[in-house]
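*Asks:* Sharing a structure with you now.
The values are calculated or read from the model by the stated rules, or taken from the named source; none is laboratory data. Note that the structure is a prediction, hence the values are computed from the model and not measured. All Cβ positions, glycine included, derive from the backbone under ideal geometry; neighbour counts span all protein chains shown. Side chains are part of the model used for accessible areas, which takes the heavy atoms of the whole protein and leaves out ligands, DNA and RNA. Shrake-Rupley method; radii C 1.70, N 1.55, O 1.52, S 1.80 Å.
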Amino acid sequence: MAEEENRLIAERRAKLAAMRERGTAFPNDFFRKDLAAELVEKYEAVDRDTMDLNPVVVQVAGRLMLKRPMGKITFAQIQDMSGQIQIFVADNAPDKATHNAFRHCDIGDIVGVDGVLFKTRTNEVTVRVKVLRLLAKSLRPLPEKFHGLADPELRYRQRYVDLIMNEETRLAFVQRFRIVQSLRNFLLARRYLEVDTPMMQPIPGGAAARPFVTHHNALDMKLYLRIAPELYLKRLVVGGFEKVFEINRNFRNEGISTRHNPEFTMLEFYAAYLTYENLMALIEQMLREIAQAVLGTTTISYQGRSIDLAQPYRRLTIAGAIREHHPDVTEAELGERGALIERLKRLGIPHRPEDGIGGLQLTLFENTVEQQLVQPTYIVDYPTEVSPLARRSDRDPAVTERFELYIAGREIANGFSELNDPEDQAERFREQARQKESGDAEAMHYDADYIRALEYGMPPTAGAGIGVDRLVMLFTDSPSIRDVILFPLLRPEV
């Protein structure tokens with residue numbers, strides 16, 4: 001296989017060398033005017049005689065994907081950003097020299113075509129070539145059309161080939177970009193400001209995660225790639241930007257799985273004078289509108305399961321969700337630390353020795369319940385001990401006004417009424433610092449500047465983050481996060 005590929009590459013390099021001898025090998029003076037799929041869509045309903053009587057002059061360009069030589073004529077397919085269109089070259093269309101030169105073009109070459117549209121006997125919209133130019137020589141052969149690029153790791157590693165060969169991949173990423181634009185439009189229409197916050201930070205904050213560390217040479221200082229923009233966005237709320245959002249890249253030094261990539265995309269948004277209840281209603285509306293705009297429906301299919309985004313989303317506490325899916329767990333057991341530890345041990349689920357009841361409940365939930373939450377479900381009122389940035393509930397200070405949205409067994413969104421009491425926040429930062437000193441690499445740092453910002457006064461505020469990659473997975477029926485990230489992180493190529 002490798003020997004055959006090397007032989008083909010050598011042949012193509014020889015063709016390129018001959019082109020260089022004849023003049024410019026990679027010309028840059030061809031200007032495309034028309035897109036392939038748009039021409040097909042516009043003229044597919046026009047009959048052959050009408051097209052013959054009313055010639056349509058076009059100028060297209062794209063990658064040569066298929067050639068069917070038939071003696072004195074050749075049909076071929078070229079592909080551009082919009083799709084494909086057929087072209088027709090013959091000894092008399094335009095001439096034998098052009099046709100002969102075209103015979104030496106290879107699949108994968110980039111060509112530019114001037115011509116006139118017509119319809120074949122099978123009614124396919126086709127360009128009758130008047131002028132054909134080779135614009136860029138492809139030195140490496142593409143995979144066979146019928147086999148494509150099937151190996152998943154090779155598809156991720158050589159995404160450029162995957163995009164050329166697999167229409168499903170191209171469509172999935174087009175959907176991704178439409179989803180991101182819809183998220184942006186939804187918030188802009190509600191007077192949120194789109195902002196940018198630092199990606200390199202002196203203190204990583206806004207989430208419990210292990211950060212990536214870098215160094216700034218000129219200032220001789222350690223910096224961290226951001227794990228979340230939250231604390232900077234809330235600084236902006238303090239400053240008077242009362243409704244802000246950012247579609248951001250975050251970096252967390254964690255493992256890789258079908259749901260995790262060390263570099264990922266989040267939407268985070270914050271609004272003064274709202275609560276977590278308001279944001280739950282807003283996110284429901286957001287997901288319905290985006291699904292309708294992008295997919296044309298609010299009922300989606302994910303990995304063989306139908307999910308209804310139009311119905312009211314369920315709301316359960318962590319304890320309520322555990323008891324619903326594990327009826328043998330009693331309320332008394334959920335409220336007793338020793339009983340929870342015994343339950344986790346029996347199930348073979350590791351836990352942190354320093355965790356309290358809330359942390360142990362969360363561990364049990366994440367390992368045994370969340371994957372069963374297929375229909376949209378809000379898990380609400382998270383324990384204070386696992387929510388260091390969320391406002392305590394007025395009715396029960398042991399829990400916070402926090403939610404996480406689960407769909408198809410995975411977390412899609414996380415939000416809460418923000419903690420705007422600087423003294424309470426300072427104490428929670430100190431507790432996080434104690435956990436870090438005890439060996440918890442994911443615990444938060446004490447951020448004195450953020451406390452100073454809160455001391456100037458932050459209005460009552462609610463904020464949320466939505467995992468863009470996971471949302472795209474859901475809307476494109478993709479089983480792995482790598483399927484929706486153009487260039488996911490991979491081990492070095494051997």
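*Asks:* Rg and Dmax of region 1-156, Cα atoms, in Å?
*Replies:* 16.5, 51
*Asks:* Straight distance only, please: which aspartates and glutamates reach the Cα of Lys42 with their own Cα at less than 20 Å, same-chain residues fewer than 8 apart left out?
*Replies:* Asp34, Asp52, Asp80, Asp114, Glu124
*Asks:* Around Leu66, which amide H atoms from residues at least 5 apart in sequence, or from another chain, sit under 5 Å from its own amide H, with H modelled in the peptide plane?
*Replies:* Gln77
*Asks:* Taking θ as phi - 60°, what are the ³J(HN,Hα) couplings along region 303-310 by the Karplus curve (6.51, -1.76, 1.60), each to the nearest whole Hz, with x for Gly and Pro?
*Replies:* 6, x, 10, 7, 10, 9, 7, 7
*Asks:* Could you order Lys96, Lys33, Lys436, Lys137 by accessible surface area, starting with the largest, using a probe radius of 1.4 Å?
*Replies:* Result of the area sort, largest leading: Lys33, Lys96, Lys436, Lys137.
*Asks:* Additional query: What figure in square angstrom, to the nearest 10, would you give for the accessible area of Val213 with a 1.4 Å probe?
*Replies:* Estimated to the nearest 10 Å², Val213 gives 90 Å².
*Asks:* Report the extension gain between Glu41 and His325 in nm, rounded to one decimal, defined as 0.36 nm multiplied by the number of residues separating them, less their alpha carbon distance.
*Replies:* Working: separation 284, 0.36 × 284 = 102.24 nm, distance 5.11 nm.
Net length gain for the segment: 97.1 nm.
*Asks:* Could you calculate the FRET efficiency of Lys96 with Thr258 from 1/(1 + (r/R0)^6), where r is the beta carbon distance between them and R0 is 41 Å, rounded to 0.05?
*Replies:* Efficiency, from the Cβ-Cβ distance: 0.15.
*Asks:* Something else about it: Restricting to DSSP H runs of at least four residues, report the calculated mean residue ellipticity at 222 nm for the chain, -39500 (n - 2.57) per run over all residues, nearest 500 deg cm²/dmol.
*Replies:* -10500 deg cm²/dmol
*Asks:* Same structure again: Quick check on packing: order 171-180, 384-393, 343-352, 474-483 by the mean number of other C-beta atoms within 10 Å, highest mean leading.
*Replies:* Put in order of decreasing packing, that is 384-393, 474-483, 171-180, 343-352.
*Asks:* Per the 1.4 Å probe, what fraction of the accessible area of region 300-384, in percent, lies on carbon and sulfur atoms? Could you put the intermediate results ahead of the total?
*Replies:* Details: 2090 of 3950 Å².
So the carbon and sulfur contribution to the accessible surface is 53 percent.
*Asks:* Next question. Give the cross-link partners of Lys243 among the lysines, using a straight C-alpha distance below 19 Å as the criterion and excluding same-chain residues fewer than 8 apart.
*Replies:* By straight Cα distance, Lys243 reaches Lys234.
*Asks:* Can you work out the accessible area per residue across region 38-125, with the rest of the protein chains kept in place, probe 1.4 Å, in square angstrom?
*Replies:* 51 Å²
*Asks:* Another question, then. Spin-label point model (7 Å from Cα, Cβ direction): what's the Arg346 to Lys222 distance in nm?
*Replies:* 4.3 nm
*Asks:* Something else: Would you tell me the accessible area of His325, worked out with a 1.4 angstrom probe on the heavy atoms of the protein chains, in Å² to the nearest 10?
*Replies:* Answer for His325: close to 50 Å² accessible.
*Asks:* Probe of 1.4 angstrom, ligands and nucleic acids ignored: what's the accessible area per residue over region 452-494, in square angstrom?
*Replies:* With all protein chains present, region 452-494 gives 45 Å² per residue.
*Asks:* For Asn6 and Gln285, what is the calculated FRET efficiency with R₀ set at 56 Å and r taken between the beta-carbons, to the nearest 0.05?
*Replies:* Working: r = 57 Å, r/R0 = 1.01.
Here the calculated transfer efficiency is 0.50.
*Asks:* Give, in nm to one decimal, the length gained when the segment between Ile203 and Gln303 is fully stretched (0.36 nm per residue of separation minus the Cα-Cα distance).
*Replies:* 32.1 nm
*Asks:* Provide the solvent-accessible area of Ser138, counting protein heavy atoms only and rolling a 1.4 Å probe, rounded to the nearest 10 Å².
*Replies:* 20 Å²
*Asks:* Pull out the extension gain between Glu277 and Met70, defined as 0.36 nm times the separation in residues minus the alpha carbon to alpha carbon distance; nm, one decimal.
*Replies:* Contour length minus the Cα-Cα distance gives 67.8 nm.
*Asks:* Return an integer: the convex hull volume of the alpha-carbon atoms of region 66-180, in Å³ per residue.
*Replies:* 135 Å³
*Asks:* Also, quick follow-up: Quick one: of the DSSP bridges fully inside the chain, what percent are antiparallel, nearest 5? Mind dumping the intermediate values first?
*Replies:* Working: 77 of 86 bridges.
Approximately 90 percent, going by the DSSP bridge assignments.
*Asks:* Got a number for carbon plus sulfur as a percent of region 66-120's accessible area, 1.4 Å probe? Could the numbers behind the result be given before it?
*Replies:* On the way: 1330 of 2210 Å².
Whole-percent figure for carbon plus sulfur exposure: 60.
*Asks:* Taking a 31 Å limit on the Cα-Cα distance, which of the listed pairs Lys15/Lys119; Lys33/Lys67; Lys96/Lys137 fall beyond it? Display every interim value, and only then the final one.
*Replies:* Working: Lys15/Lys119 33 Å; Lys33/Lys67 23 Å; Lys96/Lys137 21 Å.
Checking Cα-Cα distances, Lys15/Lys119 exceed 31 Å.
*Asks:* To the nearest 0.05, how large is the calculated FRET efficiency for Gln371 and Arg315 if R₀ is 22 Å and r is the Cβ-Cβ distance?
*Replies:* The formula returns an efficiency of 0.75 here.
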